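Below is one structure, written out as structure tokens; the observations come after it.
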Amino acid sequence: MPYKYSMRNYILLIFFLLSTCALFTSCTKERQEKPVSRMDEFSTSKKYPFKFADESLEKWKQQVPEIQQVSITSTIDGSEQPALFYTSETTGKRPLLVMLHSWSSEYLQVKSIPYALWSKEYDWAFIHPNYRGKFDKPEAVASDLAIQDLVDAVNYAKAHAEIDESRIYILGSSGGAMTALVAAGRHPEIWAGVVAWVPVFDLVDWYAFSQNYPHRDYNSHIVIACGGEPIPGTPAAEECKRRSPSTYIQNAKEVPIFLAHGTEDVLVPPDHSIRAFNILANPADTISQEQVDYLLKEQKLPEGMEGATTRDRYFGTKDPQVVFSRESANVRLVLFVGVHDMAYNPGLLWLNEQQKKTPEVAPPVAGQR
């Protein structure tokens, strides 16, 4: 006759199982590596209907109660620069995500909240530096001060969490993407992966393009930051070049870089990402000027590019539609149907696969010790 549990036996069994689980949890303090799966809530911004310039510490605390508002001392001018910082209480090394706010916002930009939620879900450290705030002053706009603020933010995180230095990532969109690319070129030794959504590649060129849209504030910001109108041949143009990815990107050829741009972007045209790609890619994989000109005029791919179109595995059904994806050397270019926008999931999934290679040590020569 099969054995039947009495109610008392059931209660004892449940108590034993709960006690065992509690004991296991309390004894397993080390951080657990979790496989990163597709998370639909990060695939679309509809769940987070924040505008790019929205800023609110209250909203951050509502979504990520553990987030800390911290102050980081600049190693250049000694000023105290604010940032948001998150790390868990687990032990063991974890990746670090340096998330950059966009052009018209600061470190409390709520559009970045999902990146902190991802970090919390997968036990990454997360830091959201101010790097001199909105791009309407000389101290900002990828200045020496701003770039050093990013280095200082990385060092702050390393001092306050166990960071895997082979997995330090930087991600931004628009002005943040521009700064991420400058940081990649000026400090390629730091980054294991860089994600740039709709980046400005060259401030001088973008200023000239934006003259067609006099109602925008960006050109006045550039004039303030660079000390005048960046007309080619002027000191202001030289200063803008000094703050542009176009000056440094060739130094980042060994850094994995993910570039993504909307084909219908009329704020920052997609040729800005394409030009960065062409410098970083193998010569045989570059995109011709004729193809670029057609794309800018028609806001769609020319026939010659259609054969290179592939479904990008990092983009889900809720992400923008990819019409072109190409990987060459250490750079990946994605063109999607859309305007000046970003998606959360693709860059994070791609970053999760990036890790700095361990330098190979040459074997000892025979006869040497």
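None of the figures in this text is laboratory data; all of them are computed from the coordinates on show. All values reported here derive from a predicted model rather than from experimental measurement. Quick reminder, even Gly has a Cβ in these numbers, built from the backbone with ideal geometry, and neighbours come from all protein chains shown.
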- Only residues that are touching a helix residue (DSSP H, G or I) at 6+ places or on another chain (Cβ under 8 Å) and among the charged types (D, E, K, R): list them for segment 77-133, please. Asp77, Lys111, Arg132
- Message: What are the pairs with Cβ atoms under 7 angstrom where one residue, in segment 249-262, is part of a loop (DSSP other than H, G, I, E, B) and the other, located anywhere, is surrounded by 24 or more Cβ atoms within 10 Å (Cβ to Cβ) and among the small types (Gly, Ala, Ser)? Sequence gap at least six, or different chains.
- Response: Val255/Ala184; Pro256/Gly193
- Of all residues in segment 263-295 being acidic (Asp, Glu) and in a loop (DSSP other than H, G, I, E, B), the one that is nearest to the chain's Cα centre (by Cα): Asp265
- What single numbered condition from (1) more than 27 Å from Val268 (Cβ to Cβ); (2) under 20 Å from the mean Cα position of the chain (by Cα); (3) without any contact (Cβ under 8 Å) to a residue 60 or more places away in the chain fails to hold for Leu57? (2)
- Hey, does segment 221-238 have a residue that's crowded, with 20+ Cβ neighbours inside 10 Å, in contact with a Ser or Thr (Cβ under 9 Å, 6 or more places away or on another chain) and closer than 13 Å to Ala196 by Cβ? no
